[in-house]
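Derivation of every value follows stated rules applied to the coordinates shown; laboratory data play no part. It should be emphasised that the depicted structure is a prediction, and the values quoted were computed from it without experimental measurement. Every residue, glycine among them, receives a Cβ derived from its backbone with ideal geometry; neighbour counts consider all protein chains shown.
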Ligand code: FES
């Protein structure tokens, strides 16, 4: 748990359905993932070599990196396909009044 404040980042109805949406928050690029089971978010930088995961392929709850096809489970950030070995930094997400909020 963190004491960082919640911030509105995007309206729920602006998310790409069942896909990843890029959101800029300050100087950070955040990937927001719409899934059948909820909304998740992570830093957009791949932990392997820094590619932008918002340009990757998203399926259900796995984001595949566009550069070397490493993949991560967006629910907990775990790498699920090589060459990714370090977890993705996932962010706390909630929905309030139709807005996706994250702690950053
Ligand atoms: S930069 Fe993402 S797998 Fe290499």
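Using only the C-alpha atoms, the convex hull of the chain corresponds to 94 Å³ per residue. Each Cα pair under 8 Å and six or more residues apart adds its sequence gap; the mean of these over the residue count of the chain is a relative contact order of 27 percent. Peptides 19-29, 39-49 ranked from most to least packed, by the mean per-residue count of other Cβ atoms within 10 Å: 39-49, 19-29. Given their separation in residues at 0.36 nm each and the Cα-Cα distance between them, residue 17 and residue 89 gain 23.7 nm when the chain is fully extended.
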